[in-house]
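Enquirer: Supplied in structure tokens, the structure appears directly below.
Read-outs: derived from the displayed coordinates by stated rules, not from any lab. These figures come from a predicted structure and were not determined experimentally. Glycine also receives a Cβ, built like all others from the backbone with ideal geometry; neighbour counts cover every protein chain displayed.
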Amino acid sequence: MIRRVVVLCMLVPALVHAERPSGVCIDVSVDFVPTDSLQLVAWVERADGSFVDTLFITNKTGRFGLGNRPGRLDFNTGSANGDTFPYGRREQTFPVWAHRHGLSWPLVTFQNGDENNLSHPFSESSAEVPPPYCRPIQPTEPEFDSGTCASQAFTDKGVLSSAMSLYPPRMDVTRKAGVDSISVDMFRTLNPFDAVSQPTPLGGVSSKISWAAPQAIDYGDYVMFVEASKTYDFNGVYNATTYPSPAGIPWAEYGRPWRGQPSVIYRVPFSLTTLPTLASTDTYVGYGDITGQSGTINPPDATIETATPGSGASRFQLVSDGGTMYRMRVTATPEFDSTAPAKIGSPSVSKVGSTTATIAFTASGDDGDTGKVTGYEIRVRANSPMTADNFTESMAVTATVIPDSAGRPQSVELTGLLPQTDYFVGIRPYDNCFNKGELTVVEVTTLDREVAEVPWCFIATAAYGSVMANDVEMLRRFRDGVLTRTVIGELAVETYYTFGPAVAGVIGESELLRASARSVLEPIVAWARQLTY
């Protein structure tokens, strides 16, 4: 296999590190075209291998704690297009980055210490609001292939343990008193990646990661790394047979085994100089440890796919530009830029549902009203006004907005909202030197809940907080094995499905009603247990 790295420094030779004058912004951009559903992290090292900075990490790992959450390493995962289970730490996601950044955090475990179970006590499970994770589902359920959350999940957010992790905990939750561990109050404080956590880039679309090299970064030679991970990326070596579902655990029928080919790493040496520089690579430099326990970059070999688009070494597409082929390209452009983008124009709510809303606006310019911004930082806050002071503390929106030229129409779709809730949406543009424009806040109130939004086992699930709680599973078996075999039972099931969703939606949002519902269901569960076993 031919591996090629192209470095064009535009008449500038390799440099010994030299001090950069004050006020010079150097915009470092990484261009690539990803496949769907990648988890990505990008970082910079000096030529001697010393770590400089993490400049991009996808939200699932950087904000939602994919690498440091409760549960076994080998838990199955949900949905056909990504990791939606709330449980199971994924230390295999970015093993090279994890072993190079030099940081560590306390390991998050379940409050009751049972790492082998997907179902946990309702008294230790709070709602996912907004829901980055869905409840675990079985592959036979229609929601599995859609990748959407059929209902609000209630999960054990975990507790900080004495063991250590190379991944940060999630930063998106606020502790619910009496349910969540007091450790949850520390999660956000411990996680340093809020500013660089971004939505997963769209598959098949040209993408850009921008990094304004800090003033402390001198002129000289550096190396850009991007590590790309993907679930269900199977081949003949890494697949559901060689890395199967965990055996001998409760709820093993939920989800599917996901461990395919390990992370792949793209590497591009580049320079920061007084003039623009460009460098690229058309191949990967190696792959990470499938167990996540080592930070070694394994050299390319026959175990990794190279010819299948979107798989293995081809998780980044091969791009042709002016006769040069690349999978990843790095440009470094010095400039003096102290002008912030203008604020967005004409913000409005163009569409609203019970769990979704679309905000429309006109694009900002890079320098005031001219040019094109690098991106938009978008955050949402429920039930309390958003201000410039609390903007960074508000929940980041994971939707991708591809910037257009100044004055052109733009929009962002918000998902995973709660019905009948007031939300404040803040939008702030930024340019390639990370000058930030003025914050614009849009208020939207979601509509009443829709009956079709709540799935089976409505009331019991709302009462117990998890579709897998033991009593919920008992009622499900009673429904499938007993009620559906009689005419009266069928009528009871049809009635339940007609009126249950609306009732469940109310119960799920009130702990008092959930407790009352559990009291009502207790004798029914006891009766079902006698008939089922």
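Enquirer: Considering amide H positions built from the backbone, and no H for Pro or chain starts, which residues 5 or more places from GLN138, or on another chain, come under 5 Å of its amide H?
Expert: GLY255
Enquirer: Another one. Could you give the size of the charge dipole of the stretch 234-386 about its Cα centre, using +1 on the Cβ of each K and R and -1 on the Cβ of each D and E, expressed in debye and rounded to the nearest 20?
Expert: Dipole of the stretch 234-386, to the nearest 20 debye: 460 debye.
Enquirer: From the phi angles alone, apply the Karplus equation (6.51, -1.76, 1.60; θ = phi - 60°) to the stretch 347-363 and give each ³J(HN,Hα) in whole Hz, x where the residue is Gly or Pro.
Expert: With the stated coefficients, the stretch 347-363 comes to x, 7, 8, 8, 7, 9, x, 6, 10, 9, 7, 10, 9, 9, 7, 9, 5 Hz.
Enquirer: Which aspartates and glutamates, if any, have their Cα less than 18 Å from the Cα of LYS343, not counting same-chain residues under 8 positions apart?
Expert: Those aspartates and glutamates meeting the cut-off are ASP366, ASP367, ASP369, GLU377, ASP389, ASP404, ASP431, GLU438, GLU443.
Enquirer: Sticking with this structure for a sec: Which order do THR200, THR281, THR140, THR374 fall in if you start with the one that has the fewest other Cβ atoms within 10 Å?
Expert: The fewest-first ordering by Cβ neighbours comes to THR140, THR200, THR374, THR281.
Enquirer: If amide hydrogens are placed 1.01 Å from N in the peptide plane, which non-local residues have theirs closer than 5 Å to the one on GLY67?
Expert: Excluding prolines and chain starts, which carry no amide H, the hits are ARG90.
Enquirer: So how do 232-241, 30-39 stack up, highest first, on mean other-Cβ count within 10 Å?
Expert: Listed from highest to lowest mean packing, they are 30-39, 232-241.
Enquirer: Give, rounded to the nearest 20 debye, the magnitude of the charge dipole that the stretch 345-445 has about its Cα centre when Lys and Arg contribute +1 at Cβ and Asp and Glu contribute -1 at Cβ.
Expert: That gives the stretch 345-445 a dipole magnitude of about 240 debye.
Enquirer: Separate question: What FRET efficiency would be calculated for the residue pair SER320, SER161, taking the C-beta separation as r and a Förster radius of 45 Å, to the nearest 0.05?
Expert: Rounded to the nearest 0.05, the efficiency is 0.35.
Enquirer: So for the pair ASP194, THR421, with labels modelled 7 Å out along Cα→Cβ, what separation do we get in nm?
Expert: Result for the modelled spin labels: 1.9 nm.
Enquirer: Let me ask something else. Work out the charge dipole of the stretch 365-453 with +1 on the Cβ of Lys and Arg and -1 on the Cβ of Asp and Glu about the Cα centre, then indicate which of VAL373, TYR423, THR445 is farthest towards its positive end.
Expert: Among VAL373, TYR423, THR445, the one farthest towards the positive end of the dipole of the stretch 365-453 is VAL373.
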